[in-house]
Amino acid sequence: VQLQASGGGLVQPGGSLRLSCVASGSIRRINDMAWYRQAPGKERELVARIARAGSTEYTDSVKGRFTISRDNAGSTVSLQMNSLKPEDTAVYYCKMTILSRSWLDYWGQGTLVTVSS
């Protein structure tokens, strides 16, 4: 199983970006999907999570600005990021809890988001 993340880049404050993460390989079922981020010198933190049934949770700093969504048929999770701030600058990682031979957490390779003027 592999996760491939994409969509990062450089954006001005107030701008928008959309991240996507696609899972591939021998996948029988996917439960939670999530986005984490790690800023320079800081620990990795949960940004948003979406359950298989569609319930979501967000860290307080992104509520009202970020939206997580998933396409169960396509094994894809996306993160729409609006009203970006310099403090959103980080490497963003997707994570999925996947049943292949057993239930495991899989991580994408990370995609850099830089918010700067």
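The values are calculated or read from the model by the stated rules, or taken from the named source; none is laboratory data. Note that this is a predicted model, so its numbers are computed, not measured. Areas reflect the complete protein model, heavy atoms only, side chains present, ligands, DNA and RNA absent. Shrake-Rupley method; radii C 1.70, N 1.55, O 1.52, S 1.80 Å.
Treating each Cα of segment 1-85 as one equal point scatterer and applying the Debye formula with no solvent, the log10 of I(q)/I(0) at q = 0.12, 0.14, 0.17, 0.22 Å⁻¹ comes out as -0.37, -0.50, -0.73, -1.15.
Rolling a 1.4 angstrom probe over the protein heavy atoms with all chains in place gives the chain an accessible area of 53 Å² per residue. Tally up the carbon and sulfur contribution to the accessible surface of the chain as a whole percent, 1.4 Å probe, everything protein left in place. Using a 1.4 Å probe with all protein chains present, the chain comes out at 45 percent carbon and sulfur. Considering only Lys95, Lys63, Lys85, the Gaussian network model of the chain with Cα springs below 10 Å gives its largest mean-square fluctuation to Lys63. Comparing Pro40, Pro86, Pro13, which has the greatest mean-square fluctuation in the GNM of the chain with Cα pairs linked when under 10 Å apart? Greatest mean-square fluctuation among the candidates belongs to Pro40.
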